[in-house]
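The structure appears below as structure tokens.
The values are calculated or read from the model by the stated rules, or taken from the named source; none is laboratory data. A quick note: this is a predicted structure, and the numbers were derived from the prediction, not measured. Here the Cβ is made from the backbone with ideal geometry for all residues, glycine too, and neighbour counts use every protein chain on show. Note: accessible area is taken over every heavy atom of the protein model, side chains too, but ligands, DNA and RNA are not part of it. Shrake-Rupley method; radii C 1.70, N 1.55, O 1.52, S 1.80 Å.
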Amino acid sequence: TEPYPVFKKEFIDKEVEGSFGLFTSLVSRVRNLRAELSLAPTQLIDCLIIGGSEAEISFLNNLATKFKLLTKSNSVNFSAKAQKSSRAIADVEANFSIYIPLSGVVDVESQCKRIEKRLEELNKLIKNITGQLINNEFLKKAPSEVVASQKEKLQTNKNIEEKLKRMLDALKQI
């Protein structure tokens, strides 16, 4: 049998680690955009990713097939400079701009209605939690863990609300 592998510092390549970190963060951001748009996992999208250095673009182009697989994309275009699609949802990750063209992928009007409905629900929830947190009786009687949990819920819901507002604004500009 072979001995257990031993860590060798000389095998660490910070540049490769950074490149794969970039790759995974871009994949993650595209997946988050898909989720925010409520796209079905089977629905293929197109991605346009603009920015970065020539070395980063070259690295990403070498992994384009993997990127398409991991993001359920029909096509992906990595470019240092390109013209973005006019009907696309956009986001930023590191020094890259991510565009997902929505033509034929999303019904913008129904997405706006869905987001507006979700925002109404969130507003009610935020109002309810805020009401609890400004109620002195609640604060006196509730265990500190419950109060902390409610404060955390409030912050989480405010963050979601902010993301949804940005998404709604982006969709309305399309």
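General remarks:
- Calculated diffusion of region 1-119, Stokes-Einstein form, Kirkwood radius summed over Cα pairs, 25 °C and 0.890 mPa s, µm²/s: 154
- For the chain, the 222 nm mean residue ellipticity estimated from helices alone, with every DSSP H stretch of n ≥ 4 adding -39500 (n - 2.57) and the total spread over all residues, rounds to -19500 deg cm²/dmol.
- Per residue, the solvent-accessible area of the chain (1.4 Å probe, heavy atoms of protein chains only, all protein chains present) comes to 66 Å².
- Size of electric dipole in the chain: Cβ of Lys, Arg +1 and of Asp, Glu -1, about Cα centre, debye, nearest 20: 600
- If you take the Cα centroid of region 104-174 and the Cα centroid of region 46-71, the two points sit 34 Å apart.
- Listed by chain and number, the aspartates and glutamates whose alpha-carbon sits under 19 Å from that of K151, ignoring those within fewer than 8 places in the same chain, are E121, E137, E161, E162.
- Each Lys and Arg adds +1 at its Cβ and each Asp and Glu adds -1 at its Cβ; summed about the Cα centre, region 110-170 shows a dipole of about 120 debye.
- Candidate lysines for bridging to K153, where Cα separation is under 20 Å - those fewer than 8 sequence places away on the same chain excluded: K117, K124, K127, K140, K141, K163, K165
- Under 21 Å from K68, Cα to Cα: lysines that are on another chain or at least 8 residues apart: K81, K84
- Comparing A64, A40, A88 in a Gaussian network model of the chain where C-alpha atoms under 10 Å apart are linked, the largest mean-square fluctuation is found at A40.
- With every protein chain in place, the chain: carbon and sulfur % of accessible area (1.4 Å): 52
- Only alpha carbons enter this Debye calculation for region 39-174, each as an equal point scatterer, and the log10 of I(q)/I(0) it gives at q = 0.10, 0.18, 0.20, 0.22 Å⁻¹ is -0.51, -1.01, -1.13, -1.26.
- Fluctuation leader among E36, E152, E56 - the chain, Gaussian network, Cα springs under 10 angstrom: E152
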